[in-house]
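Q: Quick one: this structure, given as structure tokens, is what I'll be asking you about.
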Amino acid sequence: AARGAVVGAADRRAKKRRKRRRNDDQRALDEHVVACVAALCLYASQENAPDEARARLVRKFLEKDQEKLKKVLERYGGYMRDVVAIEREGGADPLQTLARALGAGLHALRLCGAILAFCAVFAPAARPTLLEGLGRGGVGELANCVSDLAAAVHEEGSEGGDGAAAARAATLRVWAGAVA
């Protein structure tokens, strides 16, 4: 009986590890999808992008009772909760806190913020859903989130000599101002 209990405990631990790995894989996939959609939003907002690209993307967020917009709001809220919890815990080393916040989805939070800002700027019909989903004080947090992303994009572009990064950062700053 004792051997069976040990094997049973090992099986349970293995199942927990597999489930945690699946959850980590799903989170990584979600973050990649968010990055792709944010890149589409930035592309569609460029002056030289075809008007149809922007219109198609806006329609995609508005279709089916704004289902996709609500999903981004849900992800944004989840990342916000995780990042705020890490920041509240704090720590003596700000770099370690930043690393933990990035692990909790700080970058994905900022990208979700960019997607939501795109919707606020280019899809007026989405604004009531955004206001309801963000809640009280959420619009200011969204503006700060997009401003932080703009600063990060500008900094990365400056280090790598990427001129397009400066344009992306400028677009994000405009969106942040429009949301605020």
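Readers should treat all values here as calculations from the given coordinates under stated rules, not as data from a laboratory. Every value quoted in this text rests on a predicted model; they were computed, and no experiment measured them. Here the Cβ positions follow ideal geometry from the backbone for every residue, glycine too, while neighbour counts run over all protein chains shown.
Q: Which ³J(HN,Hα) values, rounded to whole Hz and listed in residue order, are derived for region 79-95 from phi using the Karplus coefficients 6.51, -1.76 and 1.60 in 6.51 cos²θ - 1.76 cosθ + 1.60 with θ = phi - 60°, glycine and proline given as x?
A: Rounded to whole hertz, the list is 5, 4, 4, 5, 5, 4, 4, 5, 5, 5, 4, x, x, 6, 9, x, 5.
Q: Simple spin-label model, 7 Å along Cα-to-Cβ: R88 to D11 in nm?
A: Those two pseudo-labels are separated by 3.9 nm.
Q: Once the convex hull of the C-alpha atoms of the chain is built, how many Å³ does it hold per residue, rounded to a whole number?
A: Spread over its residues, the Cα hull of the chain gives 169 Å³ apiece.
Q: Would you mind estimating how fast region 98-162 diffuses translationally, via Stokes-Einstein at 10 °C and 1.306 mPa s with the Kirkwood radius over Cα pairs, in µm²/s?
A: Translational diffusion coefficient: 124 µm²/s.
Q: Per DSSP H run of at least 4 residues, take -39500 (n - 2.57); add these up for the chain, divide by its residues and hand me the 222 nm value, nearest 500 deg cm²/dmol.
A: It lands at -30500 deg cm²/dmol.
Q: Rounded to the nearest 0.05, what FRET efficiency is calculated for Q46 and A178 with R0 set to 22 Å and r the Cβ-Cβ distance?
A: 0.90
Q: Right, something else. Can you compute 3J(HN,Hα) from phi for each residue in region 133-146, using the Karplus curve 6.51 cos²θ - 1.76 cosθ + 1.60 with θ = phi - 60°, rounded to whole Hz and x for Gly and Pro?
A: Taking θ as phi minus 60°, the curve returns x, 7, x, 5, x, x, 5, x, 4, 4, 4, 5, 4, 5 Hz for region 133-146.
Q: Let me ask another. Pop out the Kirkwood hydrodynamic radius of region 15-81 from its pairwise C-alpha distances, inverse of mean 1/r, in Å to one decimal.
A: So the Kirkwood estimate lands at 13.8 Å.
Q: So which trypsin sites (Lys or Arg not before Pro) in region 91-180 pass both tests, a DSSP loop state and at most 16 other Cβ atoms within 10 Å of the Cβ?
A: R136
Q: May I ask you to compute the full-extension gain from V33 to A167, defined as 0.36 nm times their residue separation minus their alpha-carbon distance, rounded to one decimal in nm?
A: 46.0 nm
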